[in-house]
């Protein structure tokens, strides 16, 4: 059994032009060329996309779930950031 | 599906009653649990075990059908079977990735499979001596698997649920492929029909066993139900499968190998359903414990692939190191 | 011979190359060195087998003897298959399989490129689709040849052995049959001999990166284009044809 592990990569696919790349899953590969080819072979078998990004999982920096409350809750009461906060006369129609 | 880099640094959670209650409340609100969220150790362990087992089933499941790729009778069937077995490899891969978010590596899981520490679905310990087995597996084994898998798309653990959504989408052709194959045989020459009936006779009972022991004898169910890893009981899913499958057999003129099978109008709250005969659980336990016809061969085949592939994986890693070193040297020289 | 009959025959030969190589690749399914490769190899096999179907179906129509793709794929004797010997060589280890794929793809890529200007519309259509598929095979197999050639000591040795074992079969890629010759003259199919430079270039490029050397081949192996096959071929056919021979004339 190999002692060294094959690095893990995250795969992002853009379904078609005009859309964002979206995380679809992961693969194992020794280097970036291999990662791109594996991502192509694993995640685009059914015409799922026209562009692939791969990034080594260990290079992703994630926010701390323990700080989720202080990170994200403060946005909750800023209702004035949304158009529905403002009243305008009905006659104006769509704005 | 999320990287190790995304896994929370703090996996040790103090499991006070308060914490467990708050966790259960999240589950009850149908909130998804993500890989780096705090979770009870038992929840993590159960998921690692279940997702790993599920992944192994896909990988070992490539073997009985792979047995016929080179002998498929037409080019159309050959392509369909090859694409299907390939999908199974993909599903194993998605599932290993989902398990990896919980802090176990694919290599570790592989080792557990090969040493017999981890289990996989016993159904793949039956042999595929005939072409009709390709039909029976697609129709019955995939049909039974779908019953189990569709509810898993709503499993409380996000990465597992997302992997299952992708898998269910891709699997939709598998069962149809199998049933179509079976119905062509059933309509064909007497030898073909006999081949189909023989396969049905061999696969029907093991398919029913795929749902696991009767609810009255099952050990894991209660906690998994509470955690919404599992949403229906073994017996509920088995009944659904029976009710869906029996008419499909009739439609193509095949007979279920169960003399006690009969329509019961009182089943399913008066909507009716089928009663089936007693399942032979001694056979089930025998296969689970390693005594099935193919247990040894399956693990031997996986071990051989893994060991024969070691030099390839090592070479890929060594080459990647060399490339990196050369790039670094070139950069240094340029500076 | 009428051009249609010649073309049919030449396309069956081409179909045989694709069927047999696709079959060989499909033998790996479930046994690859890593899971990712268990998805890559079937992708290539499906490309090969898909092209075989197209070629056989078109050829069957042209020859007008009522043979469909399956009659052509499953119901001929060994001498009637005209695939080159390279594609029927057993899988061996992963190094052999990837090198065999590279050798074949490095030939088919310029072949299909040239075939996009065929005088035959159908062939143009096949070529336009196939040229994209095969370009990827060069990349995928080529990357592996490089990785293994320039990996560990063991992998370099295995890759070197694969080159010695297989290089002698590559000459036959450039040989032609009588019917292929008719098709070349009618501008229906490209002349393989003219593709040699491109093939050499691809192989030299990959070999340079893989630290492999192209061996001298004093006695190239050939015979497949005449229906004279290696010993392994009969075993391949007995598997491939098993169902059709055991249960003749049935629908599957």
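The values are calculated or read from the model by the stated rules, or taken from the named source; none is laboratory data. None of the values given here were measured: they were computed from a predicted structure. Here Cβ is always computed from backbone atoms with ideal geometry, including for glycine, and neighbour counts include all displayed protein chains.
A compact table of results
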quantity: Matching residues, the stretch B:60-94, being within 16 Å of residue C:26 (Cα to Cα), more than 7 Å from chain C (Cβ to nearest Cβ), touching a residue at least 12 places away in the same chain (Cβ under 8 Å) and assigned to a helix (DSSP H, G or I); calculated: B:64, B:65, B:80, B:81, B:84, B:87, B:88
quantity: Qualifying residue in the stretch B:195-213 (condition: outside any helix (DSSP H, G or I), buried (at least 18 other Cβ atoms within 10 Å of the Cβ) and without any contact (Cβ under 8 Å) to a residue 40 or more places away in the chain); calculated: yes
quantity: Lone qualifier among A:6, A:34 - being in a loop (DSSP other than H, G, I, E, B), surrounded by 21 or more Cβ atoms within 10 Å (Cβ to Cβ) and at pLDDT 90 or above; calculated: A:6
quantity: Residues of the stretch A:51-83 satisfying the condition of being part of a loop (DSSP other than H, G, I, E, B) and surrounded by 10 or more Cβ atoms within 10 Å (Cβ to Cβ); calculated: A:60, A:62, A:63, A:64
quantity: Segments classed as helices (runs of 4 or more DSSP H), wholly inside the stretch C:158-252, with at least 3 members that are under 17 Å from residue C:78 (Cα atoms); calculated: C:231-240, C:242-246
quantity: Where a residue in the stretch A:66-95 is farther than 30 Å from residue B:33 by Cβ and its partner, wherever it lies, is modelled with pLDDT of 90 or more, with Cβ under 7 Å and at least six apart; calculated: A:85/A:79; A:95/A:88
quantity: Test for residue B:45: is it within 14 Å of chain C (Cβ to nearest Cβ) and either assigned to a helix (DSSP H, G or I) or under 14 Å from the mean Cα position of the chain (by Cα) (or both); calculated: no
quantity: Yes/no for residue B:47 being on the phi < 0 side of the Ramachandran plot, in contact with a strand residue (DSSP E or B) (Cβ under 8 Å, 6 or more places away or on another chain) and at pLDDT 95 or above; calculated: yes
quantity: Residue in the stretch C:141-164 that is modelled with pLDDT of 95 or more, farther than 28 Å from residue C:12 by Cβ and under 16 Å from the mean Cα position of the chain (by Cα) present; calculated: yes
quantity: Evaluation of residue A:47 against (1) at pLDDT 95 or above; (2) more than 9 Å from chain B (Cβ to nearest Cβ) (one fails), failing number; calculated: (1)
quantity: Residue that is nearest to residue C:145 (Cα to Cα), among those in the stretch B:300-331 that are crowded, with 19+ Cβ neighbours inside 10 Å and touching a residue at least 40 places away in the same chain (Cβ under 8 Å); calculated: B:306
quantity: Which numbered condition residue B:120 misses (of (1) more than 30 Å from residue C:50 (Cβ to Cβ); (2) in contact (Cβ under 8 Å) with a residue 60 or more places away in the chain; (3) within 14 Å of the chain's Cα centre (by Cα); (4) part of a helix (DSSP H, G or I)); calculated: (4)
quantity: Within the stretch B:97-107, tally of residues that are more than 9 Å from chain A (Cβ to nearest Cβ) and either assigned to a helix (DSSP H, G or I) or free of Cβ contacts under 8 Å to residues at least 12 places away in the same chain (or both); calculated: 1
quantity: Selection within the stretch C:80-99 - assigned to a helix (DSSP H, G or I), in contact with a helix residue (DSSP H, G or I) (Cβ under 6 Å, 6 or more places away or on another chain) and more than 14 Å from chain B (Cβ to nearest Cβ); calculated: C:85, C:86, C:87
quantity: Criterion violated by residue C:65 - all others in (1) more than 30 Å from residue C:154 (Cα to Cα); (2) in a helix (DSSP H, G or I); (3) more than 11 Å from chain B (Cβ to nearest Cβ) satisfied; calculated: (2)
quantity: Index of the failed condition, residue A:59 passing every other in (1) within 14 Å of chain B (Cβ to nearest Cβ); (2) within 19 Å of residue C:43 (Cα to Cα); (3) over 14 Å from the mean Cα position of the chain (by Cα); calculated: (2)
quantity: Residues located in the stretch A:10-31, provided they are assigned to a strand (DSSP E or B) and either more than 8 Å from chain B (Cβ to nearest Cβ) or over 23 Å from residue B:323 (Cα atoms) (or both); calculated: A:11, A:12, A:13, A:14, A:22, A:23, A:24, A:25
quantity: Failed criterion for residue B:70 (all others in (1) crowded, with 22+ Cβ neighbours inside 10 Å; (2) within 20 Å of residue C:40 (Cβ to Cβ) hold); calculated: (1)
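Every residue, every condition in (1) touching a strand residue (DSSP E or B) at 6+ places or on another chain (Cβ under 9 Å); (2) buried (at least 18 other Cβ atoms within 10 Å of the Cβ); (3) closer than 18 Å to residue B:140 by Cα, yes or no:
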{"position": "B:217", "(1), (2), (3)": "no, no, no"}
{"position": "B:227", "(1), (2), (3)": "yes, yes, no"}
{"position": "B:230", "(1), (2), (3)": "no, yes, no"}
{"position": "B:241", "(1), (2), (3)": "no, yes, yes"}
{"position": "B:251", "(1), (2), (3)": "no, no, yes"}
{"position": "B:264", "(1), (2), (3)": "yes, no, no"}
{"position": "B:277", "(1), (2), (3)": "no, no, yes"}
{"position": "B:284", "(1), (2), (3)": "no, yes, yes"}
{"position": "B:295", "(1), (2), (3)": "no, yes, no"}
